[in-house]
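The values are calculated or read from the model by the stated rules, or taken from the named source; none is laboratory data. Worth saying up front: this structure is predicted, and the values here are computed from it rather than measured. Methodologically, a virtual Cβ is constructed for each residue, glycine included, from the backbone with ideal geometry; neighbour enumeration extends over all protein chains shown. Just so you know, the surface numbers come from the protein's heavy atoms only, side chains and all, with ligands and any DNA or RNA stripped out. Shrake-Rupley method; radii C 1.70, N 1.55, O 1.52, S 1.80 Å.
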Amino acid sequence: MLRTLLLRSVFRFLSTLVVTSLFFPLAAAQAASAPSISGAVLDSLGARVPGAAVTLLNHGQRVADVVSDPTGAFAFQAVKEGRYQLSVRARGFASRTVDPFFIAAGARLVINVTLQAGLQEHVVVTAAADAVPSSQVGASVTVIDHDTLRTLATPDVLEALRLVPGLNVVQTGPRGGTTSVSVRGGESDFNKVLIDGVPANDIGGAFDFSDLTTTGVDRVEVLRDPNSVLYGSDALTGVISVATERGHTRIPELSAAIDGGTFGTLRQDLSLGGAVGRLDYFSAFSHLDTDNQVPNNAYHNNTFAGRYGWAVGSGTDLSVTVRHTGSRYGSPNAIDLYGIPDDSSQRADATYVGATLQSQLTPRWQTTLRFASMDEGYHSVNPSPTGQPFDPFGYGANYLGHVVTIEGANGYSVTGQAILDYGGTYPELYDAGTTRQSGYAQASGHLTHWLDLAVGTRIEHEAGSSAYQGVRSAADRTNAGAFAEVRTTRHRVFASAGLGYDHDAIFKSAVTPRVSVAVYLREPSSTAAFGATKLSFNAGTGIKAPSVAQELSSLDALVQGLPAGSRPVGAAELSPIGPERSRSFDVGLEQGFWGGRARVRISYFRNRFSDLIEYVSASVLPQLGIPAAVAAATGYGAYVNSSSYWAHGVELSGEVAVGPFVRIQGSYTHLRAVVTRSFASSALAPAYNPAFPDIPIGAYGPLVGAAPFRRPANTGSLLVMLTKDRLQLALAGDFVGKSDDS
């Protein structure tokens, strides 16, 4: 009943916003008597800037000039229909040109322009319901902008992510190998990934960054705080948002590039973008081929990215985005562990389509509607067993690699043979697919000069399937959620608080709060040696739904799936598998120097992860209070919410502009994480290597009291960029310390 009422409420809210967004702006435009563009020039703290020179541009050509009045306000009257930009200059601030916008005949637009003193600030979209200057948020957000991506000239987004403090990027093998991103000690599936606003995670939060190229990417934004208030499931530790470029020039811009290198590496990239009247367009395509000195290690990637916009009316903009990626990858497995390559291969395809309608209903109220679709497919084949057959017990042969010696970072070494392939039926085939269709609606308003309100709702249908050797399993869910967020601005204080509610088909209901505060102890200055001093605080919770495999092999699903007459006593009292949860907070201090041309930031964070899902063997389930008969009915075991760990650490980052052309930035993160609870078989009954009989090993999962796998204690990055006219030069590096693994 609750689910039905919630879904009905979501549909009503979506329908109301669709009608309002489409027809109200058109009626307002028709009723307006005098076309105009007005607004105010603000500094980074929202204070008015008088005497600023504001220039109205039409396709780069000057149309008119005005000066902001003592309240920072400006206005252009009797503007013709067309596409414009605003260029703003003020003493003591960096000049700024806003993105192109379209105004229809007879309409009135209100545009406020924020100027910065010193280093460039960005408008961020992941930390709050509406876009906000990064100087006015307390959350830890990093933006990798278009200029940085272009200067780095890397084909992969994952390489740019290595520069973000608090992130650890792990790629198994060379290009094409599964790539995961951990934020502040969280698991790799604890991050919400958005591609042009389209949720890109697999069901259960997983996302493989190996195929995500920089083709057509305008910017990458990383929020290092939980935000399940706005994004629901998967945003336990952060949000990674990727945005596609948008065409804006009257004369079409065509770009073509080709580069290559050793190991058969060749990449071609082509893009075209521009704007005509109410329409703007951008398309990009890239192709990458590369190989390796290891056999069966070729990688191929084709990526298409497009963004197409239409100005429905003044203040109403429709944007449609498309990104498709197809890849093929030879998977030789870990050569250092086996000494010989496997003959497996895999193919992956992913398509993300989104349509966003944004409307400024009045100078105080605006709406956003978004419809999104994601479709991913994966196919893996192992044509034949590789290695030396080994069957000492007569249960069927396994296949071993060559004799190798492995040396760990701790100085220990072992020599032996590892199992490369298991006995079974070949060719070994595995297929998986995920589809998602979702709708999102938001209304936000400026209630007073110091208080903003945003409310929204979302509904999503997701379906996942997998097939191993032709045996298929599938699941589908319909989920819904709603949120409310308030934001207040009082000169030097910027605070926001939100509450999210999610109704999931698996775990039913979950409530997630979040609060963020930024306080300026010193205001920004373009002349003082010590500039702005910003103190920030964030706290919130996050949730993550189980994956399809975890859902189908959960304790409740396995036991309830038995025939009614064979269900053991106590089966009816089992609860469905629940969400994984996080509880996080951080405090940070940011200090500006050298007239705003340098800044450093230090943050302390602490994350607590609980109700984590792990596979527990049938013999261990009774230790969780599960009746022995129920545990035995699962067969081998089941997935349950029984694990937890915490992670805390310190992030240190800095940035400095040396003259007008050189920028240097660096970061260092120290992390400590400890598993506090686990009932996985390896945690209760550790393995031992005969060469080291006194050292317990977590074979399939970390032991209680040990660190989670692949969480290095020390990571860092450095970026030096020189940009002058047509010259672009970058030196980038990332540094990763030792970590536990198995």
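Scanning the stretch 131-143 for residues that are within 17 Å of the chain's Cα centre (by Cα) and of a type outside the set (S, T, N, Q) returns ALA131, ALA139, VAL141, VAL143.
Checked against the criteria, ALA139 counts as in contact with an Asp or Glu (Cβ under 6 Å, 6 or more places away or on another chain), open to solvent by less than 30 Å² (accessible area, probe 1.4 Å) and closer than 30 Å to TYR440 by Cα.
The set of residues in the stretch 175-184 being closer than 22 Å to SER286 by Cα and either buried (at least 24 other Cβ atoms within 10 Å of the Cβ) or without any contact (Cβ under 8 Å) to a residue 40 or more places away in the chain (or both) consists of ARG175, GLY176, THR178, THR179. Only one of the numbered conditions (1) open to solvent by less than 60 Å² (accessible area, probe 1.4 Å); (2) at pLDDT 90 or above; (3) not polar (S, T, N, Q) is violated by GLY701, and that is (2). Per the conditions (1) touching a Gly at 6+ places or on another chain (Cβ under 8 Å); (2) open to solvent by 20 Å² or more (accessible area, probe 1.4 Å); (3) closer than 23 Å to LEU194 by Cα, the sole criterion not satisfied by ARG522 is (3). When you go through (1) surrounded by 18 or more Cβ atoms within 10 Å (Cβ to Cβ); (2) without any contact (Cβ under 8 Å) to a residue 60 or more places away in the chain; (3) in contact with a Pro (Cβ under 6 Å, 6 or more places away or on another chain); (4) of a type in the set (Gly, Ala, Ser) one by one for ALA673, which number turns out not to apply? So ALA673 meets the others, but not (2). Within the stretch 89-102, being hydroxyl-bearing (Ser, Thr, Tyr) and either surrounded by 15 or more Cβ atoms within 10 Å (Cβ to Cβ) or in a strand (DSSP E or B) (or both) holds for one residue alone: THR97.
Tell me which residues, restricted to the stretch 451-475, are closer than 29 Å to LEU357 by Cβ and over 26 Å from the mean Cα position of the chain (by Cα). The answer is LEU451, and nothing else.
Taken together, THR215, THR172 contain a single residue that is out of contact with any helix residue (DSSP H, G or I) (no Cβ under 7 Å at 6 or more places or on another chain), of a type in the set (Ser, Thr, Tyr) and farther than 29 Å from PHE609 by Cα, which is THR215.
For every residue, the table says whether it meets (1) assigned to a strand (DSSP E or B); (2) touching a Ser or Thr at 6+ places or on another chain (Cβ under 6 Å).
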{"site": "ASP502", "(1), (2)": "yes, no"}
{"site": "ILE506", "(1), (2)": "no, no"}
{"site": "VAL515", "(1), (2)": "yes, no"}
{"site": "ALA518", "(1), (2)": "yes, yes"}
{"site": "LEU521", "(1), (2)": "yes, yes"}
{"site": "ALA532", "(1), (2)": "yes, no"}
{"site": "ALA539", "(1), (2)": "yes, no"}
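The sole residue among ASP280, ASP259, ASP234, ASP225 that is without any contact (Cβ under 8 Å) to a residue 60 or more places away in the chain, of a type in the set (D, E, K, R) and either in a helix (DSSP H, G or I) or in contact with a Ser or Thr (Cβ under 9 Å, 6 or more places away or on another chain) (or both) is ASP259. Only one entry of LEU429, LEU451 meets the criterion of being exposed (fewer than 15 other Cβ atoms within 10 Å of the Cβ), hydrophobic (A, V, I, L, M, F, W, C) and either at positive phi or at pLDDT 90 or above (or both), and that entry is LEU451.
Yes or no, residue by residue, for (1) open to solvent by 40 Å² or more (accessible area, probe 1.4 Å); (2) of a type in the set (S, T, N, Q); (3) touching a residue at least 40 places away in the same chain (Cβ under 8 Å):
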{"site": "ASN58", "(1), (2), (3)": "yes, yes, no"}
{"site": "PRO70", "(1), (2), (3)": "yes, no, no"}
{"site": "VAL79", "(1), (2), (3)": "no, no, yes"}
{"site": "SER87", "(1), (2), (3)": "no, yes, no"}
{"site": "ILE111", "(1), (2), (3)": "no, no, yes"}
{"site": "VAL123", "(1), (2), (3)": "yes, no, no"}
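Is there a residue being open to solvent by 60 Å² or more (accessible area, probe 1.4 Å), of a type in the set (Lys, Arg), at pLDDT below 85 and under 28 Å from SER319 (Cα atoms) anywhere in the stretch 12-35? Among the residues of the stretch 12-35, at least one is open to solvent by 60 Å² or more (accessible area, probe 1.4 Å), of a type in the set (Lys, Arg), at pLDDT below 85 and under 28 Å from SER319 (Cα atoms), which makes the answer yes.
In the stretch 185-202, the residue that is surrounded by the fewest Cβ atoms within 10 Å (Cβ to Cβ) out of those that are out of contact with any helix residue (DSSP H, G or I) (no Cβ under 9 Å at 6 or more places or on another chain) and of a type in the set (Asp, Glu) is ASP189.
Restricting THR151, THR172 to residues that are β-branched (Val, Ile, Thr) and open to solvent by 30 Å² or more (accessible area, probe 1.4 Å) narrows the list to THR172. Among the residues examined, PRO712 does not qualify as in contact with a Gly (Cβ under 8 Å, 6 or more places away or on another chain), open to solvent by less than 50 Å² (accessible area, probe 1.4 Å) and free of Cβ contacts under 8 Å to residues at least 40 places away in the same chain.
Exactly one residue out of LEU357, LEU337, LEU318 is outside any strand (DSSP E or B), aliphatic (A, V, I, L, M) and either open to solvent by 30 Å² or more (accessible area, probe 1.4 Å) or at pLDDT 95 or above (or both): that is LEU337.
For the stretch 390-406, filtering for residues that are open to solvent by 50 Å² or more (accessible area, probe 1.4 Å) and over 21 Å from PRO332 (Cβ atoms) leaves 5. Tell me whether the stretch 135-145 contains one or more residues that are among the hydrophobic types (A, V, I, L, M, F, W, C) and farther than 25 Å from ALA495 by Cα. Checking the stretch 135-145: not a single residue is among the hydrophobic types (A, V, I, L, M, F, W, C) and farther than 25 Å from ALA495 by Cα. Here is the figure for the stretch 541-564: residues that are of a type in the set (A, V, I, L, M, F, W, C), touching a Gly at 6+ places or on another chain (Cβ under 7 Å) and not in a loop (DSSP other than H, G, I, E, B) total 1. With respect to the stated conditions, ALA474 fails to be open to solvent by less than 20 Å² (accessible area, probe 1.4 Å) and either touching a residue at least 40 places away in the same chain (Cβ under 8 Å) or assigned to a loop (DSSP other than H, G, I, E, B) (or both).
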